[in-house]
Each structure stands twice: as structure tokens, then as C-alpha cells.
Amino acid sequence: MAEHLVEFDSEAKPVTVQTGTLLTEAARQAGIDLSQPCGGQGRCGRCAVKVIGGHVRQRSTLRLSPDDIAQGYALACQAVVEGNVAVHIPPQDTLDRHLTTDRTVAAVTIPAGYDPAKNQPLQRVTLQLTPPSLDDQTDDWSRLQTAIRQETGITDLQVSLPLLSKIGAVLREGEWQVTAVLDSLGNCPSCPARIIDLLPGHAPLDAPLWGAAIDIGTTTVTVWLVDLLSGQVQQQVAEYNRQIRRGEDVISRIIYAGKNNGYVEMRELVLATINDLLHRACQRAKADRYDILRTTITGNSIMMHLLLGIPAGSIRTSPFVTAVNQIPILSAREVGLEIHPEATVDCLPGIASYVGADISAGVLSSGMDDTEKISLFMDIGTNGETVLGSQDWLVTCACSAGPAFEGAGVQHGMRATRGAIEEVWINGDTYEPTYRVIGDGPPRGFCGSGLISILAEMFLTGILDKGGNLNTTIPTNRIRQGAHGWEYVVAWAGGENNGLSATKDIAITHVDVDNLIRAKAAIYAGFTVLADAVGLPLEAVEQVLIGGAFGKYINVEKAVEIGLLPDMPWENFHFLGNTSVLGAYHALLDQKLRDRIKDIASRMTYIELSADNSFFEAFTSALFLPHTDLDRFPSVGKALTVS
Ligand code: FES
């Protein structure tokens with residue numbers, strides 16, 4: 001096959017590739033990390049590069065305007081090399097790596113009645129063994145097991161090969177006095193336990209015992225470093241999941257992972273994120289990462305599969321099944337975590353393809369499985385997982401809301417970091433907006449709460465009608481024709497607003513409005529279908545529990561105004577923050593709580609919406625602001641009459 005030279009206008013060296021190689025692959029070989037938020041499907045347009053010499057064959061030019069194409073722009077994920085080419089890489093949006101601290105650190109209290117000696121499954125025991133003799137030729141491993149059984153009552157002990165191979169040396173080095181670190185997992189004498197470490201001599205029993213609760217979000221990975229002797233969370237750190245550059249939503253990631261050995265790359269990316277966070281947390285706590293002996297991990301089903309390098313293709317095709325929902329106990333060595341290699345890695349159980357361990361852990365920390373109150377638990381994110389129920393029953397579904405409320409698929413969408421517009425108010429007479437921006441500095445885009453806010457304000461001031469159409473007859477220069485059709489400009493480039501100036505015009509386009517309405521309609525339809533499935537009116541719901549870091553900042557009034565949340569008294573809404581990592585923390589500390597998560601996962605009834613006609617009907621009815629049936633939103637009806 002013919003070979004061609006690809007040159008980049010950066011410091012990267014030219015590379016030689018074969019005919020048919022994608023520009024993204026050529027860039028990768030040259031050491032250039034091109035962002036591919038849609039997983040290389042040609043949908044997002046964010047991998048656009050400019051071909052300044054030679055020619056490429058473009059499989060798809062969706063997302064490029066005729067003008068872009070005339071100027072030589074091509075989507076790198078869709079452009080195939082067929083001759084020598086020179087490529088200009090425009091500056092890419094770089095991620096603001098460190099998340100705003102006050103948005104990620106939660107106040108955490110130790111579970112009531114927590115007693116580390118009784119609840120947490122790690123224990124350090126000192127042992128005095130009788131040395132072997134010609135009269136007692138018992139093997140070293142059996143001798144150690146007997147000593148452990150006599151000291152702790154544990155009868156079934158698992159050991160890894162690397163640890164087994166060093167037991168003889170440790171016993172002799174310690175002259176038959178040793179300290180064993182055990183993880184009793186089930187916290188009962190007959191449950192299988194793991195031996196995590198064996199040290200010569202008698203180690204101090206108050207030596208540190210660290211644990212880590214890890215939540216792998218599609219967008220953000222969170223790690224809590226926990227002192228298992230006290231139960232206290234000592235450090236909380238969070239970082240964007242580095243897989244984002246290979247797809248912003250889970251489907252894009254599965255697609256990317258299925259190509260070019262992508263599973264290896266995806267696994268490496270998330271492991272690099274987690275390991276960096278573990279290093280950072282240990283550094284801050286002055287802890288040795290090899291003293292982390294136990295971890296619990298949550299995340300949606302796709303994130304769990306990608307962490308372990310398990311193919312996830314079956315999740316996105318009918319009948320939508322995972323490879324595994326209940327992952328067996330693993331060691332840090334097997335998973336690739338840079339902590340004590342024998343540390344227990346407990347991946348919490350998921351329920352189905354699109355309702356994962358983050359939801360079973362979230363339900364535990366919300367407490368909805370332990371109350372008579374009928375509760376609606378929801379995670380407003382890409383998958384839009386929703387759970388309805390009480391202590392007696394639980395039903396769940398995921399409504400594929402898409403990543404619009406996380407800022408993806410919206411022209412000026414961004415995550416909730418510095419520069420994000422998080423709240424907007426529009427003057428109903430002048431149509432002039434004011435807004436609040438996270439942190440200092442000029443506005444750069446809208447985060448989820450800003451998008452909810454702008455949609456509600458545009459609707460209430462008549463800029464948008466019930467169907468989400470822009471009223472182009474309103475006399476304001478903020479409503480204009482942009483590159484993608486009609487739009488409303490919130491911040492002018494260079495213009496002063498709120499004492500801050502934007503570097504570019506920040507607008508909401510009619511395409512953005514469509515995407516947001518579809519996302520909110522999917523979420524609302526999800527909980528109406530759940531309520532219908534159990535024959536309950538939505539009014540029967542006594543509390544709405546909202547999980548996910550994003551949920552914490554939603555303005556309830558505005559979310560109800562656009563029909564994202566059901567219309568009910570505000571005091572019924574409770575924002576819980578990151579319920580997933582909180583559930584992982586509880587499972588880390590207390591085996592009984594861990595067992596409760598397993599119970600939640602096994603008794604939750606999953607409703608697959610793609611096979612449910614009523615979902616499509618509910619979704620179509622919700623594709624309006626706030627809904628086709630205004631009687632469902634009496635408070636919004638009242639606000640519209642007043643305004
Ligand atoms: S269009 Fe190429 S990565 Fe999305």
C-alpha cells in the first residue's frame with residue numbers, strides 16, 4: 001500500500017502513513033492529542049483541522065459549513081489520507097483541569113453509630129506461630145491459616161500468588177512472629193476473607209489503614225481518601241475523566257473503544273486519571289499510597305466496563321445487556337491502581353446497561369430504600385437515571401437525555417468551571433440580560449444550571465414560544481441570524497456586562513434550544529413512565545431527591561418552568577450532591593451498608609424504555625415548554641398569566 005507524508009504546523013515531526021489512514025490517527029502517531037468529543041463519529045465538529053497543502057478524502061463534512069470546506073477545513077476523524085498533506089491544527093479548547101474546589105468538596109459526616117472495630121472489614125492481627133519441626137512438617141501456608149483461624153475465627157482465606165510466594169520468607173524473617181492484614185469482606189467468620197499483606201514482626205496496631213472511595217463519572221472522577229481507623233474522609237479530590245477527549249457521552253466512548261484497540265486506550269486514560277487523583281490525595285494527607293488497602297468503586301455500567309477493559313459493545317445494541325453487573329472482588333494489581341498491589345478493589349453492583357453502580361450507591365446514600373415515603377431519585381446527567389419507590393419497592397429507568405445539560409451539544413456549552421454563566425435574568429421590557437458567572441473573569445459559555453436558567457427566562461419573557469421557537473419579531477439586536485440560524489446573544493464579545501467582558505459573542509441558538517428541550521423532555525418522560533408503570537400519579541411522590549454534582553446547583557423554580565422537574569412544592573426537592581461517591585464511602589466503611597447496596601441492586605426493577613411505547617408518547621408530550629398539558633404545571637401557568 002502506498003505511503004504518504006503528513007506534516008503538521010506544530011512542533012510535531014512529520015509522519016509517514018499508509019493510504020486510507022485517518023488524520024486523527026496520523027496526528028496521534030505524531031504525538032498530537034486531538035480532542036474527539038463525539039468519539040470520532042463526525043457529529044460534533046470539534047476535531048476540525050485545516051488542510052493547507054495536498055488533499056484528503058472527506059467521508060463526512062457534517063458540521064462544516066460550505067465556507068469552512070472552501071477554506072480547506074476538514075473533520076480529522078473523517079478525513080482519509082490519500083497523498084502527501086500539510087495540516088494546520090487550530091487552537092483547541094483545553095480543559096480547565098482542576099475543578100473549582102468549592103464545587104467538589106462536600107461536608108461529610110461519619111455514618112451514625114459507626115464503630116471502626118465492628119463495621120469496617122479490614123483488620124491487622126499479630127500472630128505468634130509455632131516453628132515447624134521434624135515432628136510437625138505442616139506447610140507454611142497451612143500453618144499461617146491455622147494461626148489466623150485461631151486468632152480471628154476466619155476459616156476461608158484467599159491469597160494471591162505473589163503473596164503466597166513470599167509467605168515462607170516473611171515467616172522466617174520474623175522468626176515466626178508476623179502481622180497479617182486481612183479483609184474479611186463479609187464480616188462474618190464463615191465468609192471468605194482475603195489476606196492483603198504479611199509483615200515480619202509485630203507491626204503497631206495503630207499504623208495507618210487507608211481506604212479510597214472512587215466515583216468514575218462520565219465527566220468527572222472523584223476520589224475520597226478515608227482514614228479507616230477513624231472513618232473520616234481526609235481528602236476529596238476530583239478531576240475531569242481523561243476519556244472525555246475520546247467522547248463526551250457514554251455511547252461515543254463505546255464507539256471509540258470499539259475501534260483501533262480503543263479499549264486499551266480508554267482503560268489507560270481512566271486509570272491515569274484515578275492514579276493521579278490517588279497520588280494527589282495521598283500527598284495532601286501525607287499518606288503513603290501503599291497504605292491504601294481497600295477501595296470501593298462506583299460509576300455507570302459503561303465506565304465500569306471501560307475501567308476493567310471489558311468490551312461494552314453489547315450495551316448499545318438490542319437487547320442492551322452488559323457483560324457484567326456484579327463484578328467479583330479484584331485486587332489493585334489486577335485493576336491497575338497504584339496503591340498496595342493486594343488492596344481489595346470492590347466494584348459496586350450495577351442494575352442494567354444504563355443504570356449502574358452509581359445509582360445503586362446513590363439510592364443507598366439518598367436513604368429512599370429505607371423510608372415509607374414515596375420518593376423519586378434522579379441523576380440529571382447524560383443518562384438521566386431515575387428511580388421511583390420506597391422501602392418496599394423500587395423501579396428504575398434511564399432516559400438517555402444526552403449531554404446537553406452537561407454543556408455538550410450546545411454551541412457555547414461548558415462544564416461548571418470558571419467562566420461559566422450559571423444564572424441568567426432577562427428584562428421583560430428591554431430583553432436585556434444580566435447574568436452571574438462562576439469565579440472571576442469574563443463569561444466563556446453556559447454550564448447546565450445556566451442553560452436551564454436561560455431557557456426559562458427566554459420562555460417567560462416571550463423570546464421563546466411554547467414550541468421552543470424564537471420570536472424574531474421582538475425589537476432587539478440580541479435576536480439575530482447567526483452561523484447556525486436564529487440565536488439570542490447573552491454576552492457580546494468585548495462588551496461590558498456585569499462589569500465583565502466576553503472574548504466572543506455568547507449566544508443560544510435555536511439548535512441549542514431544540515437539544516435542551518429534547519433533553520428535558522426525556523428526563524420528564526422518564527419519571528412519568530415510571531409512575532405510570534406502578535399506577536401512581538406523579539402527585540403521589542412525597543419527595544424528589546436529586547443526586548449528581550450538577551443537581552446541587554439547579555434553580556428549582558426555573559427547572560419547573562421549563563418542565564424539567566415536576567411542579568410540586570419546593571420543600572419537596574432535596575439536593576444531595578454526589579450521592580454516588582457518598583454511597584461508595586459508606587460501602588467502604590461498613591460491610592452492612594455494602595450489603596444493602598447489593599440488596600438495592602438486586603431488588604430494583606428495571607424498565608427498558610426503548611421497548612416501551614408509552615415513553616415515546618410521554619416524550620412527545622413533553623417536547624414543549626413546559627409541557628403540552630399545562631395543567632401539569634399550575635405554577636408555571638400562573639407565572640405566564642402574570643407576566
Ligand atoms: S466530529 Fe470528529 S471527533 Fe467529533
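Residues that are of a type in the set (S, T, N, Q) and under 18 Å from Thr220 (Cα atoms) within the stretch 401-427 comprise just one, Thr417.
Scan the stretch 438-486 for residues that are surrounded by 24 or more Cβ atoms within 10 Å (Cβ to Cβ) and charged (D, E, K, R) and the total you get is 1. Within the option set Leu278, Leu271, Leu293, being part of a helix (DSSP H, G or I), more than 15 Å from the ligand (Cβ to nearest atom) and buried (at least 24 other Cβ atoms within 10 Å of the Cβ) holds for one residue only, Leu278. In the condition set (1) over 30 Å from Leu161 (Cβ atoms); (2) in contact (Cβ under 8 Å) with a residue 40 or more places away in the chain; (3) in a loop (DSSP other than H, G, I, E, B), Cys397 is compliant with all but (3).
Checked against the criterion of being assigned to a loop (DSSP other than H, G, I, E, B) and touching a helix residue (DSSP H, G or I) at 6+ places or on another chain (Cβ under 8 Å), the stretch 190-200 has no qualifying residue.
Just the residues that are on the phi > 0 side of the Ramachandran plot, within 7 Å of the ligand (Cβ to nearest atom) and out of contact with any Ser or Thr (no Cβ under 7 Å at 6 or more places or on another chain), please, taken from the stretch 42-65. Gly45, Arg63, listed by residue number. Counted as qualifying within the stretch 129-187 are the helices (runs of 4 or more DSSP H) with 2 or more residues that are of a type in the set (Lys, Arg), namely 140-152. The strands (runs of 3 or more DSSP E) found entirely in the stretch 439-526 that carry 2 or more residues being under 19 Å from Phe405 (Cα atoms) and of a type outside the set (A, V, I, L, M, F, W, C) are 485-491.
Do we have Ile546 as touching a Leu at 6+ places or on another chain (Cβ under 9 Å), modelled with pLDDT of 90 or more and part of a helix (DSSP H, G or I) here? No; evaluated as a whole, the condition is false for this residue.
This table checks each residue for (1) at pLDDT 85 or above; (2) touching a strand residue (DSSP E or B) at 6+ places or on another chain (Cβ under 8 Å).
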| residue | (1), (2) |
| --- | --- |
| Arg43 | no, no |
| Ala48 | yes, yes |
| Val56 | yes, yes |
| Ser65 | no, no |
| Asp68 | no, yes |
| Cys77 | yes, yes |
| Val81 | yes, yes |
| Leu99 | no, yes |
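From the list Asn325, Asn300, Asn261, the one residue that fits, being more than 21 Å from Pro208 (Cα to Cα) and without any contact (Cβ under 8 Å) to a residue 12 or more places away in the chain, is Asn261. Being more than 20 Å from the chain's Cα centre (by Cα) and at pLDDT 95 or above is a description that applies to Ile339. Checking the stated criteria, Asp9 turns out not to satisfy the condition of being surrounded by fewer than 17 Cβ atoms within 10 Å (Cβ to Cβ), touching a residue at least 40 places away in the same chain (Cβ under 8 Å) and within 15 Å of the ligand (Cβ to nearest atom). Just so you know, in the stretch 26-41 the residues that are in a helix (DSSP H, G or I) and away from the ligand (no atom under 12 Å from the Cβ) include one that is farthest from His4 (Cα to Cα), and it is Arg28. Taking (1) surrounded by 15 or more Cβ atoms within 10 Å (Cβ to Cβ); (2) more than 9 Å from the ligand (Cβ to nearest atom); (3) under 16 Å from Asp9 (Cα atoms) in turn, Asp68 satisfies each apart from (3). Just one of the listed residues (Glu239, Glu248) is closer than 23 Å to Thr417 by Cβ, surrounded by fewer than 23 Cβ atoms within 10 Å (Cβ to Cβ) and modelled with pLDDT under 95, namely Glu239.
The residue that is surrounded by the most Cβ atoms within 10 Å (Cβ to Cβ), counting only those in the stretch 133-179 that are in contact with a Ser or Thr (Cβ under 8 Å, 6 or more places away or on another chain) and under 12 Å from Asp197 (Cα atoms), is Val178.
The values are calculated or read from the model by the stated rules, or taken from the named source; none is laboratory data. The model shown is predicted, which means the values in this text are computed figures rather than measured ones. Glycine also receives a Cβ, built like all others from the backbone with ideal geometry; neighbour counts cover every protein chain displayed.
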